[in-house]
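Next up is a structure, given as structure tokens.
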Amino acid sequence: MRVRRDRLRVALASIEGTNNDEELLVALRSLGVAAEVVQLKQLEGRGVEPSERRELLDYRVLFFPGGFSAADAVRAGAVFAARVRAAIGPSLEAFVRDGRLVGGICNGFQVLTELGLLPGRPDGRLGPPQAALMTNDSGHHECRPTFLRWEGGRFAPLRALAPGTRFLVPSSHGEGKLVLSGEPGARLDELERNGQVLFRYVRPDGGPAAYPWNPNGSAGDVAALTNPTGNVFGLMPHPERSFFRALHPDWTRSGSAEGPGDGYRFLESVVRYAAAAA
């Protein structure tokens, strides 16, 4: 079943400190979907008028945008994740088990790891974290262009693309180094075999990354992951920040600021898949 884009409902979950929700909203609405920023208390039904309440299962796609939710107190994403778990945990599990898309960008990736949804469990349940996004090896915030290589895994929206396809998507984070629980090397091998590595950082020529092209020191140059079924995904770089060609750092050398950027290519694939699967 396919739904018209203007009827595809997309929620951008937000609390205090989320600050990339408006950028992502502009990008998604440019793709023609019915996207809205939804405060967590609207999904809880707490302290809001009845007309402002929202039900998570009325949406087909859920994003956790970037920012510094709850000032990254304790650690990045931990407070937001704890509040999500307490407020809408069962609804979120049902959302995931139904195969709907859940995406986390930067701070949103951190939230999804804190919820235990990434790398995730086959049953789609929340649980203890299996990974962490830790302080960058450089010891400071990194804000720079990064190149990502599609690894050809379980992420259905990109399956029409040839593995190795590259995207230019900027990164901006202080805690982006992916560290896996257990024996990190063995766990990374398992995720690779299972097709859960969504993107890797690469050099502009596509070769293996080193700093600064891997801005945080993640093992295996991992920039993005999916859960075992491929419908929950998280990435540290910001596709909404390269959505328009004019946002690319090389647009003056390319001769044109018109048209879509690489972030458009990624988010368009998400919307196209979600509309077809609705």
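Run the simple label-point estimate for ARG29 and ARG125 please: 7 Å along Cα→C-beta, distance reported in nm.
Using points 7 Å along Cα→Cβ, the separation is 4.0 nm.
I've got another one for you. Using 5 Å bins from zero, what percent of all Cα-Cα pairs in segment 5-277 falls into each bin?
Spelled out bin by bin, segment 5-277 gives 1, 6, 13, 19, 21, 18, 12, 6, 2, 1, 0 percent.
If you restrict to DSSP beta bridges whose two residues both lie in the chain, what percentage is antiparallel, to the nearest 5? Please list the in-between numbers first.
Working: 25 of 42 bridges.
Just about 60 percent of them are antiparallel.
Counting other C-beta atoms within 10 Å, which of ASP123, ASP205, ASP72, ASP262 has the fewest, and how do the rest follow? Don't skip to the end; give the middle numbers.
Values: ASP123 11, ASP205 8, ASP72 18, ASP262 22.
Least to most surrounded, the residues fall as ASP205, ASP123, ASP72, ASP262.
Would you kindly derive the ³J(HN,Hα) couplings of segment 166-183 from the backbone phi angles with the Karplus curve 6.51 cos²θ - 1.76 cosθ + 1.60 (θ = phi - 60°), listing them in order in whole Hz, with x for Gly and Pro?
Rounded to whole hertz, the list is 10, 10, 9, 9, x, 10, 7, 7, x, 10, x, 7, 6, 10, 9, 6, x, 7.
Find, among the GluC sites (Glu not before Pro) in segment 25-86, those assigned to loop by DSSP (not H, G, I, E, B) with at most 15 other beta-carbon atoms within 10 angstrom.
Values: sites: GLU36, GLU44, GLU52, GLU55; in loops: GLU55.
Qualifying residues, ordered by number: GLU55.
Per 0.36 nm of contour for each residue apart, how much would the distance between SER51 and ARG4 grow if the chain were fully extended, relative to their Cα-Cα spacing? Walk me through the numbers on the way to the answer.
Working: separation 47, 0.36 × 47 = 16.92 nm, distance 2.45 nm.
Working it through step by step, the gained length comes to 14.5 nm.
Listed highest first by mean packing, meaning other Cβ atoms within 10 Å per residue, what order do 234-240, 271-277 come in? Can you show the working numbers first?
Numbers: 234-240: 28.0, 271-277: 18.6.
Peptide ranking by packing, descending: 234-240, 271-277.
Same structure again: Helix-only estimate, please: 222 nm mean residue ellipticity of the chain, summing -39500 (n - 2.57) across DSSP H runs of length 4 or more and dividing by its residues, to the nearest 500.
Working: 7 runs with 73 residues, N = 278.
Dividing the helical sum by the residues of the chain leaves -8000 deg cm²/dmol.
I've got another one for you. Just grab the label-to-label distance for GLU36 and GLU192, each label 7 Å out from Cα along the Cβ direction, in nm (one decimal).
Simple spin-label model gives 4.5 nm for this pair.
Need one number: convex hull volume per residue for segment 175-221, Cα atoms only, in Å³. Don't skip to the answer; put the middle values down first.
On the way: hull volume 3.8 nm³, N = 47.
Hull volume over Cα atoms, normalised by residue count, gives 80 Å³.
Provide the per-residue ³J(HN,Hα) series for segment 252-267, in order, calculated from phi with Karplus coefficients 6.51, -1.76, 1.60 and θ = phi - 60°, each as a whole number of Hz, with x at glycine and proline positions.
Working through the residues one at a time gives 5, 7, 7, x, 7, 9, 8, x, x, x, 5, x, 4, 4, 6, 5 Hz.
Loop only by DSSP, 16 or fewer other Cβ within 10 Å of the Cβ. Give me the trypsin sites (Lys or Arg not before Pro) in segment 30-78 that pass, ordered by residue number. Don't jump to the answer; show the numbers that get you there.
Working: sites: LYS41, ARG46, ARG53, ARG54, ARG60, ARG75; in loops: ARG46, ARG53, ARG54, ARG60, ARG75.
Taking segment 30-78 and a limit of 16 other Cβ atoms within 10 Å, the loop trypsin sites (Lys or Arg not before Pro) found are ARG46, ARG53, ARG75.
Taken together, the values in this text are just the output of simple stated rules run on the coordinates, not laboratory data. Just so it is clear, the model here is predicted, and its values are computed rather than measured. Every residue, glycine as well, gets a Cβ built from its backbone with ideal geometry; the counts of neighbours run over all protein chains shown.
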